[in-house]
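Read-outs throughout are calculated quantities, based only on the coordinates presented, and are distinct from any laboratory measurement. Since the structure is predicted, the reported quantities are computational estimates derived from the model, not experimental observations. A quick note on method: Cβ atoms are made from the backbone with ideal geometry, for glycine too, and the neighbour counts reach across all protein chains shown.
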Amino acid sequence: MTKPNEEVKFQLQELQLEMQENVALAKGNLDKFYAQAARIGELQNQIVVCEDAAQPPLTPPPEQPPSQMNLGALLMDLPNEVIERGNLTSNMVKSWNAAGTHRWNRELRDFALARHSDRTWLRAYHEPQSYGTRRCTISHQLDIGKAYRVSWLCKLSNNWEFGGPIKESNPLSGQSGKMGMGLGDNTYLTSGGDINPKGFTCRGQWRGPSKKAYCYDTRRSLVAVGKPDGRAYGDERPLPSYPTTMSEAPLVPGRIHKVVMDVHMNTSWAVADGMLKMWVDDKQIIDDRGLHWMGTVDVAPNIGQSLLTSFHGGSSTAWAPSVTCWADYSEQRVLRLA
């Protein structure tokens with residue numbers, strides 16, 4: 001008679017084999033989709049459309065250091081006052097509308113307003129939880145556009161920790177989270193492992209002391225193959241990791257940093273010509289091109305909202321700091337480039 005654990009092992013092996021077959025099938029369908037999309041793009045390029053002919057081509061702005069860039073208008077006009085944690089309301093945030101229109105928020109209980117360095121800061125508290133910290137988010141509606149620049153100042157508390165206990169075998173494991181401004185489409189906002197070409201997000205991130213961008217573009221779904229749960233989480237950019245040591249770190253607790261990020265959408269749903277650029281304190285750390293951010297035959301690739309996100313994690317205590325720390329954000333600006 002078969003022992004119970006042997007039966008369980010047999011069922012597990014069958015499920016693992018079935019999952020591998022399904023992943024291979026999904027990858028094959030995805031490759032077929034991109035081949036078809038590329039062919040459609042070639043055919044579309046052979047057709048002259050009068051409406052499109054009147055539109056100026058999407059071209060990147062001339063390269064300048066952030067200190068000379070036009071950073072646009074303030075997204076929120078923060079008041080010159082201090083508001084303690086737990087006292088912010090949605091109506092307060094709406095009253096700060098400037099270049100953006102408040103759309104939604106999450107975990108306002110962990111936000112506060114602070115004053116230092118001659119300006120007001122939106123402070124996000126990172127309190128240890130079983131999955132990292134709570135997902136502090138504020139979204140603003142933007143005019144639909146093909147390219148946007150977002151910029152912000154950030155300062156980490158002196159007791160800031162980049163994640164959970166550092167592992168000697170993998171020092172950057174659990175040392176990550178979302179930090180600062182980001183952009184997304186108007187409707188779908190892919191995140192949390194979603195694979196949906198009708199939406200995208202690109203958010204500020206850290207990995208250890210490295211500043212990065214966390215991207216949900218359509219082609220990142222290829223990295224799902226071989227992942228334990230079969231889901232395609234975001235890609236960290238730049239790749240490979242930059243920097244790798246604290247001595248090179250662009251993010252230093254207690255210091256004010258300036259971050260600028262440009263996102264150019266792919267010009268049509270069938271073309272992979274999107275761009276992503278990021279600067280930290282006038283140093284460019286990302287220059288990625290040939291991105292397929294989003295788009296299907298019935299959904300045009302566009303930017304429709306900004307996202308301020310601030311949290312550790314993560315899905316376990318391995319991502320959580322050992323103490324409550326905070327991140328301050330100010331001078332959040334937005335500029336439509338196209």
Set 196, 158: member being surrounded by fewer than 21 Cβ atoms within 10 Å (Cβ to Cβ), within 22 Å of residue 258 (Cβ to Cβ) and of a type in the set (S, T, N, Q): 158
Count - residues of region 289-310 that are of a type in the set (A, V, I, L, M, F, W, C) and either without any contact (Cβ under 8 Å) to a residue 24 or more places away in the chain or surrounded by 24 or more Cβ atoms within 10 Å (Cβ to Cβ) (or both): 5
Filter result (of a type in the set (Asp, Glu) and buried (at least 17 other Cβ atoms within 10 Å of the Cβ)) within region 108-126: 110
Selection status of residue 71, in a loop (DSSP other than H, G, I, E, B), of a type outside the set (Ser, Thr, Tyr) and more than 16 Å from residue 308 (Cα to Cα): yes
Residue check, residue 286 touching a Leu at 6+ places or on another chain (Cβ under 9 Å), in contact (Cβ under 8 Å) with a residue 24 or more places away in the chain and under 18 Å from residue 206 (Cβ atoms): yes
